[in-house]
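Shown next, in structure tokens, is the structure this report addresses.
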Amino acid sequence: MLTAAKQQGKVLLLSVKYNIMRQMTNRAAFITNITFMILNNATFIIQWMILFHLKEDIGGYHMNDVMVLWGLAASTYGLSHIFFQTAYNLPDLIINGKLDSYLVQPKNVLLGVISSGTNTSAIGDLLYGYLIICIFRFSIVNLLLFTLFSITGALILTAFAILTGSLSFWIVKGDMISGNLHSVLLHFSTYPDGIFKGIIRLLLYTLIPVGLIIYLPVKMILRFDPFTLLLLLGFTVLIIFLAFFVFYKGLRRYSSSNLMSARI
Amino acid sequence: MKAIQVKNLSKTFKVKVKEKGFRGSMSSIIKPRYKSILAVDNISFEVEQGEILAFIGPNGAGKSTTIKMLTGILYPNNGEVSVMNINPCAKRKQLAYKIGTVFGQKEQLWTHLTPYDNFKFFGAIYDLADTVIEERINELKKTFELEEFINTPVRNLSLGQRIRCEIVASLIHKPEVLFLDEPTIGLDPVVKENIRELIKKMNREYQTTVFLTSHDVGDIEKLCKRIIIVNHGRIVLDDSMEHLKYHYLNKKIVEVKMKETVDFTAEEGITVLKSKGGNLKLAIDTTKKKINDALRLIDADNMIDINISNVPLENIITEIYRENKVLL
């Protein structure tokens, strides 16, 4: 069991390594992608500076708090898209029958699939996140917490992408639902949760788990609470199991296809 | 020992039915309708270890669906499958160590990486130690003559080179059964011949069982001793190649362009399929007239061009299917 997990981990890391090697084939595009993503994220600092100039407190957040929120959102997104980019393309793979090559390998299908692609600009997101935490709220503890929450956030975000992507096993146009839910999640993740009330707030802590990916971790960086940490870790484990369960349940309905395809 | 055992295997796909036009699209949103398509219909067969079997049929006959059920990609609706005594549905990972797959229409290699890096990756997938992977790459590199392009990214390789690499990647873990789904699709005759030689060599040297689907009569004739023909999801013929050749590949098509019109209608064993001026299309029944005897009837001085070919596989399949619903 332990050896199998070790072998699986080795293949996963090798897959990520090869993905990054692919991205580095074009050095100029690789560096430009990363740099521009950092600059792109940085432009939002100006927007928030203007807003905080007009109002000191937005949804219970101050300028530094919003920056932590942005930093965590960027690094969470970055980490997920560096390691598990293909989780976001799951509907395409399911609908167009592109899971075949993973199904004939003696490894976990889901891990093989989701780790088979990477997004270069996501490296920019991850770096931006760490830059922000170092500039606006640097301490060793904060850095460690930031790393931990980036990992839990990336895992929840990926699991959410798998859950919504797996809908395509049952629904032909599941890719639309999956895409919409994912963009809703991303948009909400860069605003203070205090501005959302009632049913929307409930949704953000349940159906669209931005609360557990971003809001609760940010609150814990600002004020640590062990009970919330346990809750967060428990939820992370639960949603990962749920994602595996739903994917494998759906895989029984996989119908493959005879479309020409290439692994690029 | 049996490498593959299939008993009463069936697979049904549910397909959405849509009426034509915009109205059809609207009604399919409100009340979607589905129909079931029986892709594989209650088939049974066995394959011996070390055998090279051709599993052929026209498009949509159920070949790929069967292969996909044998390799654990698809779940059957009914029936039993056992490959090297492993049930592909229940023990997919365990089976993967024993089988190799090449889908001519689907690449398994990472196109941006070199074949060498790809082989290293596939070796790691099959839990092989680095030294073992290196040894295996060196061995296969020589057998499949990859020296020239082993360090060139796959995307820059020709189709023939790529298919060779696909086969090597599928052999890295020394599989006992190799599934080849149209491995020579889109290849030129020279490369096709190379690939066939390599498959034969691999079967001879490693005693690998080969389960081959192809539309190419050459692949089947040159590689396989046994053939299974499927159509509409059912096995319509399961026989030796020798028997098939004797009964069905006994016709040659001769297309000849003459300076003047020639009449062959009276010749026994020759059927004139088309005759327009000096252009003739003849079917030679080789059981009644040897091909060299038929050619002797053609005046070489009067001939401008000639082409001799086998009856297309699709025609044979259609003929078999028309003649016999099930020919077992």
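The values are calculated or read from the model by the stated rules, or taken from the named source; none is laboratory data. Predicted, not measured: the structure shown is a model, and the values here were computed from it. All Cβ positions, glycine included, derive from the backbone under ideal geometry; neighbour counts span all protein chains shown.
Before moving on, here are some points about what is shown:
- The single condition among (1) surrounded by fewer than 23 Cβ atoms within 10 Å (Cβ to Cβ); (2) closer than 20 Å to residue B:116 by Cβ that residue B:172 does not satisfy is (1).
- Filter result for residue A:92 (among the acidic types (Asp, Glu), within 30 Å of residue B:71 (Cα to Cα) and touching a residue at least 40 places away in the same chain (Cβ under 8 Å)): yes
- Residue in region B:256-278 that is farther than 30 Å from residue B:48 by Cα, touching a residue at least 60 places away in the same chain (Cβ under 8 Å) and out of contact with any helix residue (DSSP H, G or I) (no Cβ under 6 Å at 6 or more places or on another chain) present: no
- Residue, farthest from residue B:120 (Cα to Cα), within region A:21-38, restricted to residues that are within 11 Å of another protein chain (Cβ to nearest Cβ) and assigned to a helix (DSSP H, G or I): A:23
- The listed residues are B:195, B:185, and the only one of them that is in a helix (DSSP H, G or I) and either among the β-branched types (Val, Ile, Thr) or outside the structural domain of residue B:52 (by TED's automatic domain parsing) (or both) turns out to be B:195.
- Filter result for residue A:248 (over 16 Å from the mean Cα position of the chain (by Cα) and assigned to a loop (DSSP other than H, G, I, E, B)): no
- Filtered residues of region B:1-43 (kept if free of Cβ contacts under 8 Å to residues at least 40 places away in the same chain and hydroxyl-bearing (Ser, Thr, Tyr)): B:25, B:27, B:28, B:34, B:36
- Members of region A:50-68 that are surrounded by 13 or more Cβ atoms within 10 Å (Cβ to Cβ) and not small (Gly, Ala, Ser): A:52, A:58, A:61, A:62, A:63, A:64, A:65, A:66, A:67, A:68
- Looking only at residues in region B:238-249 that are modelled with pLDDT of 85 or more and either closer than 16 Å to residue B:319 by Cα or not assigned by TED's automatic domain parsing to the domain that holds residue B:42 (or both), the one that is surrounded by the fewest Cβ atoms within 10 Å (Cβ to Cβ) is B:239.
- Per-region count, region B:182-199, residues without any contact (Cβ under 8 Å) to a residue 60 or more places away in the chain and surrounded by fewer than 17 Cβ atoms within 10 Å (Cβ to Cβ): 5
- Close Cβ contacts (under 6 Å, 6 or more residues apart or on different chains) running from residues in region A:99-115 that are closer than 15 Å to residue B:127 by Cβ and at pLDDT 90 or above to residues that are hydroxyl-bearing (Ser, Thr, Tyr) and crowded, with 20+ Cβ neighbours inside 10 Å comprise A:112/A:102.
- Those residues of region B:3-19 which are surrounded by 15 or more Cβ atoms within 10 Å (Cβ to Cβ) and not β-branched (Val, Ile, Thr), in sequence order: B:3, B:5, B:9, B:10, B:11, B:13
- Top-ranked residue in region B:60-74 [being within 10 Å of chain A (Cβ to nearest Cβ) and on the phi > 0 side of the Ramachandran plot; ranked as nearest to the chain's Cα centre (by Cα)]: B:60
- Lone qualifier among A:208, A:162, A:177 - being buried (at least 22 other Cβ atoms within 10 Å of the Cβ) and touching a Leu at 6+ places or on another chain (Cβ under 8 Å): A:162
This table checks each residue for (1) farther than 22 Å from residue B:7 by Cβ; (2) exposed (fewer than 14 other Cβ atoms within 10 Å of the Cβ); (3) not assigned by TED's automatic domain parsing to the domain that holds residue B:180.
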| position | (1), (2), (3) |
| --- | --- |
| B:21 | yes, yes, no |
| B:26 | yes, yes, no |
| B:29 | yes, yes, no |
| B:33 | yes, yes, no |
| B:45 | no, no, no |
| B:49 | no, no, no |
| B:55 | no, no, no |
| B:60 | yes, no, no |
| B:65 | no, no, no |
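- Residue B:210, sole failed condition from (1) modelled with pLDDT of 85 or more; (2) more than 10 Å from chain A (Cβ to nearest Cβ); (3) within 24 Å of the chain's Cα centre (by Cα); (4) in a helix (DSSP H, G or I): (4)
Quick grid of which residues meet (1) more than 12 Å from chain B (Cβ to nearest Cβ); (2) over 22 Å from the mean Cα position of the chain (by Cα); (3) at pLDDT below 90:
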| site | (1), (2), (3) |
| --- | --- |
| A:213 | yes, no, no |
| A:217 | yes, no, no |
| A:223 | yes, yes, yes |
| A:226 | yes, yes, no |
| A:232 | yes, no, no |
| A:239 | yes, no, no |
| A:243 | yes, no, no |
| A:254 | no, yes, yes |
| A:262 | no, yes, yes |
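- Of all residues making up region B:135-181, the number that are under 30 Å from residue B:86 (Cα atoms) and free of Cβ contacts under 8 Å to residues at least 24 places away in the same chain: 2
- Condition met for residue B:252 (part of a helix (DSSP H, G or I), under 30 Å from residue B:305 (Cα atoms) and either in the same structural domain as residue B:57 (by TED's automatic domain parsing) or not polar (S, T, N, Q) (or both)): no
- Any hit, region B:33-47, residues being assigned to a loop (DSSP other than H, G, I, E, B) and at pLDDT below 90: no
- Selection status of residue A:231, part of a helix (DSSP H, G or I) and in contact (Cβ under 8 Å) with a residue 24 or more places away in the chain: no
- Residue check for residue A:3: more than 25 Å from the chain's Cα centre (by Cα) and either under 22 Å from residue A:118 (Cα atoms) or assigned to a helix (DSSP H, G or I) (or both): yes
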